[in-house]
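These notes concern the structure reproduced below.
The values are calculated or read from the model by the stated rules, or taken from the named source; none is laboratory data. Please read these numbers as outputs of a predicted model, since none were measured by experiment. A quick note on method: Cβ atoms are made from the backbone with ideal geometry, for glycine too, and the neighbour counts reach across all protein chains shown. Protein only, heavy atoms only, side chains kept; ligands, DNA and RNA dropped before computing areas. Shrake-Rupley method; radii C 1.70, N 1.55, O 1.52, S 1.80 Å.
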Amino acid sequence: MLDVVTILMLLVLGSIVGFLAGLLGVGGGGVLVPALSYFLIWSGVGGDNLMHIALGTSMACIIVTSFSSLRAHQQKGAVVWEIVKVMSLGIVLGTFAATYIASHVNSLYLAILFSCFMFWTAIRMMKSKTHIEKPRTLDKTNMFYAANGIGAVSALVSIGGGSLTVPYLIKHSVDVKKAIGTSAAIGLPISVTATLGYIINGLKDDLTVAYTIGFVYLPAVIFISISSFFFAPLGAKAAHYLPVGVLKKIFAALLIVLSIKMTLLLL
């Protein structure tokens, strides 16, 4: 049975992730993966499966956030379903293939990949201005292959895909609000497929870690999802009163520190 301290730790982690997701518009994987790595080590889970469990569990937690975000954007009519339909197949194929590859990669290399991606994300977040490119036209072939890449990267570093999908759609002449809403819809098949992939590929490893199905640690999914669901709206409300621009820069610095410390843990 889980002890009270463990449950409280997971609830607190979920509340922090949920609040940050609402406040800064992030999926939470940047915080969840390093935090889960520390938590799993504290719980006695180590070895080559550490990062796999952290990534798989984080993706499972993102399902709730993605579904909630999808509903909110759909109610505002900000989801372009034609784009979602075309990209979803590419997303599913790329995501599942990436989980298969990840299951055969050493935890240290996955941690290094995660840290590099988070460093890149943090640098983009710190920039006050963005480079505006000439708009391009969307076509089905282009969307399919782009979706392959977005799904693969998302599964490997445990993100909902928004940081990749939104810039891609805006670059291809999609309105900003609709790009965000469509990205939220695409985030659901990413998180669901990645979770199934980490479960299926984890089952082949015959893990002996308690409360896990494949590479997904169920108690973390349950308690983190519950608390993040309630704290995300609070973060969204706080965004109207706090200097989000400054907070994003602080959060970006935190991402870099957490990612580096997580990698050092595995060295």
- Message: Being open to solvent by 10 Å² or more (accessible area, probe 1.4 Å) and under 20 Å from ILE63 (Cα atoms): is that true of VAL216 here?
- Response: no
- Query: Somewhere in segment 84-95, is a residue open to solvent by less than 70 Å² (accessible area, probe 1.4 Å) and outside any helix (DSSP H, G or I)?
  - Reply: no
- Message: One residue is enough: does segment 224-239 have a residue meeting the conditions open to solvent by less than 70 Å² (accessible area, probe 1.4 Å), over 24 Å from ALA122 (Cα atoms), modelled with pLDDT of 90 or more and assigned to a helix (DSSP H, G or I)?
- Response: yes
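Look through segment 41-65, keep the residues that are in contact (Cβ under 8 Å) with a residue 40 or more places away in the chain, of a type in the set (S, T, N, Q) and open to solvent by 10 Å² or more (accessible area, probe 1.4 Å), and return whichever of them is farthest from MET262 (Cα to Cα). So that I can check it myself, show each step before the final result.
Step one: filter segment 41-65 for residues in contact (Cβ under 8 Å) with a residue 40 or more places away in the chain, giving 41, 45, 47-65.
After this cut, where a residue has to be of a type in the set (S, T, N, Q) as well, the list is 49, 57-58, 65.
Narrowing the set further to residues that are open to solvent by 10 Å² or more (accessible area, probe 1.4 Å) leaves 49, 65.
On the way: ASN49: 14, THR65: 24 Å.
Ranking the candidates gives THR65 first.
Residues are listed down the side, and each one gets a yes or a no for (1) open to solvent by 50 Å² or more (accessible area, probe 1.4 Å); (2) part of a helix (DSSP H, G or I); (3) at pLDDT 90 or above:
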{"residue": "VAL12", "(1), (2), (3)": "yes, yes, yes"}
{"residue": "SER15", "(1), (2), (3)": "no, yes, yes"}
{"residue": "LEU32", "(1), (2), (3)": "no, yes, no"}
{"residue": "PHE39", "(1), (2), (3)": "no, yes, no"}
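Yes/no per residue for (1) at pLDDT below 80; (2) surrounded by fewer than 17 Cβ atoms within 10 Å (Cβ to Cβ):
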| residue | (1), (2) |
| --- | --- |
| ALA111 | no, no |
| CYS116 | no, yes |
| ALA122 | no, no |
| LYS134 | yes, yes |
| ASP139 | no, yes |
| ASN142 | no, yes |
| ALA152 | no, no |
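Could you check, for segment 182-193, whether at least one of its residues is without any contact (Cβ under 8 Å) to a residue 60 or more places away in the chain and over 15 Å from VAL92 (Cα atoms)?
First pass over segment 182-193, keeping only residues without any contact (Cβ under 8 Å) to a residue 60 or more places away in the chain: 183.
So of that shortlist, the ones also over 15 Å from VAL92 (Cα atoms) come out as none.
No, segment 182-193 contains no residue that is without any contact (Cβ under 8 Å) to a residue 60 or more places away in the chain and over 15 Å from VAL92 (Cα atoms).
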- So LYS178 clears everything in (1) surrounded by fewer than 19 Cβ atoms within 10 Å (Cβ to Cβ); (2) under 30 Å from THR137 (Cα atoms); (3) free of Cβ contacts under 8 Å to residues at least 60 places away in the same chain except one condition, right? Which one? (3)
- Task: Any chance you could count how many residues in segment 194-209 are surrounded by fewer than 24 Cβ atoms within 10 Å (Cβ to Cβ) and closer than 28 Å to GLU82 by Cα?
- Result: 1
- Message: If I ask for residues that are over 14 Å from LEU20 (Cβ atoms) and buried (at least 16 other Cβ atoms within 10 Å of the Cβ), which ones from segment 250-264 would you list?
- Response: ILE256, SER259, MET262, THR263
